[in-house]
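Down below is the structure, laid out as structure tokens.
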Amino acid sequence: VPGGFALMYKVLSRFEETGRCRRGYFVDSLGGAQFSTPEVVDRLRSFSETLEGRHTETAAVTLAACDPANPYGAALSWPQTRAAEDAPRHRPGRKAGGLVVLVDGALVLFVERGGRTVLTFGNDPGALRSACTSLAATVKRGSVDKIVVEKVDGQSIHGHDFTELLAEAGFSATPRGYRLRA
């Protein structure tokens, strides 16, 4: 194309503004600047429930906290954590090494670098279970070397209800916390 992708990007951005196309991350192996028609996007969404023969009630994804696909801390403000009033304050942020777990687009977990502190959002046990499973899958595939959870919402992990969900996902108890290695 004469002018290269930079010129096409301007045209496609105008198309997006008028509703003639949508921008998103549609094909896993391609770059982040992808455009498609609304009809194709709707068709792709219809396949997401049956992708690879599985049907999931809640789709969880683990992202780097500073990933552009994470809307929290950039386009959206961080929601309130479930931390107790008297718990030491930990704040989520778009920090290097931090992770977020989104379930159906909603923030469920924020994991600080190394996993020492986890902040939870919302009260849905199904979403928390899906988030823990997604976090464990991220470690198992080698995207993160290891995670050792020592605190949840400002409280010690030992004796916390969250340990059951971590154990189900494959984490094991250690004197320091709950650990999972790649």
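Please go through region 121-154 and pick out each residue that is polar (S, T, N, Q) and at pLDDT 90 or above.
The first filter runs over region 121-154 and keeps only residues polar (S, T, N, Q), leaving 123, 130, 133-134, 138, 143.
Ser130, Thr133, Ser134, Thr138 - these are the residues of region 121-154 that are polar (S, T, N, Q) and at pLDDT 90 or above.
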Margin query: Looking at the structure I just gave you, is Thr133 within 16 Å of the chain's Cα centre (by Cα) and in contact (Cβ under 8 Å) with a residue 60 or more places away in the chain?
Written below: yes
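Using the structure shown, decide if Arg181 is surrounded by fewer than 16 Cβ atoms within 10 Å (Cβ to Cβ) and not aromatic (Phe, Trp, Tyr). Walk me through it before giving the result.
Values: surrounded by fewer than 16 Cβ atoms within 10 Å (Cβ to Cβ): yes; not aromatic (Phe, Trp, Tyr): yes.
So Arg181 passes the test.
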Next item on the list: Select from region 21-44 the residues that are among the polar types (S, T, N, Q) and not in a loop (DSSP other than H, G, I, E, B) and write down the one among them that is nearest to Asn70 (Cα to Cα).
Entry: Gln34
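The values are calculated or read from the model by the stated rules, or taken from the named source; none is laboratory data. Quick caveat: nothing in here was measured; it's all calculated off a predicted structure. In this analysis, Cβ positions are derived from the backbone assuming ideal geometry, glycine residues included, and neighbour counts consider all displayed protein chains.
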